[in-house]
1. Spelling out what I want: for every residue of the range 190-195, take phi, set θ = phi - 60°, compute 6.51 cos²θ - 1.76 cosθ + 1.60 (Karplus), and round to whole Hz; glycine and proline get x.
2. Which whole-Hz ³J(HN,Hα) couplings does the range 40-57 yield from phi under the Karplus relation 6.51 cos²θ - 1.76 cosθ + 1.60, θ = phi - 60°, glycine and proline marked x?
3. Quick one: Karplus J couplings for the range 16-23, per residue in order, coefficients 6.51, -1.76, 1.60, θ = phi - 60°, nearest Hz, x for Gly and Pro?
4. If amide H atoms are built 1.01 Å from N in the plane of the peptide, which residues on other chains or at least 5 residues away come under 5 Å of the amide H of Val43?
5. Whose amide H sits under 5 Å from the amide H of Ser50, counting only residues 5 or more places off or on another chain, with H placed in the peptide plane?
6. Per-residue counts of other Cβ atoms within 10 Å, averaged by peptide: what ranking do you get for 84-92, 68-76, highest first?
7. Indicate the gyration tensor shape class of the range 44-130 (rounded, prolate or oblate), computed on the Cα atoms with a ≥ b ≥ c the square roots of the eigenvalues: a/c under 1.5 is rounded; otherwise a/b larger than b/c is prolate and the rest oblate.
8. Order of His53, His19, His188 from fewest to most other C-beta atoms within 10 Å?
Amino acid sequence: MIATPRLPILSVIIPVRNHAGPLRRLLDRLRNQAIPPDWLVEVIVVDNSSTDHTAAVIKASPFTYVLCTELGSGAARNAGVRASRGSLLYFIDADTLPGSDEQFVTLIQIAMRIGPDRFGAFGGAVVIPPNQRWNPIAIADHWACWFNWHPGRKPQRKQRRTARFEPGGHVRKATGTPLIGPVRRMMHRRSCAVRAGGACRASARAAQLRG
């Protein structure tokens with residue numbers, strides 16, 4: 001008997017707490033995503049002990065439901081990692097949307113172009129629902145991410161050794177300039193995320209190196 005080669009897996013991990021409405025929109029969009037050629041895709045939605053009907057939304061979808069009772073987005077992401085099988089991990093927040101129906105295909109193309117063993121993490125543009133675009137918190141969050149990751153931002157390589165990790169996946173340098181890792185949409189190599197000690201620490205490490 002000839003063994004059938006195992007296809008690589010992209011694990012899409014969505015942490016969520018009390019975002020039933022936005023999550024439903026996201027899951028509806030993910031149903032239409034094109035699957036990258038010669039890849040498998042699994043979608044894992046982590047319910048961070050929601051008190052609304054988030055759990056019902058997840059269970060009504062074709063995707064995998066995981067319950068995380070430890071509060072915090074970092075804990076929820078790590079619970080998703082433990083439940084996943086993929087060599088590549090794509091984290092996307094429940095209140096965002098994929099940029100197109102080819103999002104997964106594009107991610108794999110970028111990863112293969114870089115080289116599967118030559119990156120730890122990379123991010124991308126964030127799309128938020130229209131009713132959230134003038135939310136002051138969303139504006140501050142996305143502008144902060146844009147500022148710190150924009151190619152025009154002057155590197156601060158001399159201060160790299162002074163960076164330290166902070167709760168929530170942030171890195172703060174000695175100058176007080178906050179580097180906010182935009183983990184709303186971030187691709188990780190599984191081996192790097194595990195070695196870094198979790199999804200948020202891996203994102204923070206990526207922000208440290210990018211800065």
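1. Taking θ as phi minus 60°, the curve returns 4, 4, 6, 5, 5, 5 Hz for the range 190-195.
2. 10, 10, 10, 10, 10, 10, 9, 7, 8, 6, 5, 10, 9, 9, 4, 4, 5, 4
3. Taking θ as phi minus 60°, the curve returns 8, 9, 6, 10, 4, x, x, 4 Hz for the range 16-23.
4. Sorted by chain and number, the residues that satisfy this are Val12, Thr64.
5. Under 5 Å from the amide H of Ser50: Asn18.
6. Numbers: 84-92: 21.1, 68-76: 17.3.
The most tightly packed comes first, giving 84-92, 68-76.
7. Taking the square roots of the gyration eigenvalues as a ≥ b ≥ c, the range 44-130 is prolate.
8. Neighbour counts put them in this order, fewest first: His53, His19, His188.
No lab work stands behind these numbers, since they all come straight from the coordinates. In this text the structure is predicted, and so the values were computed from the model without any measurement. Cβ sites come from the backbone with ideal geometry, for glycine too, and all protein chains shown count toward neighbours.
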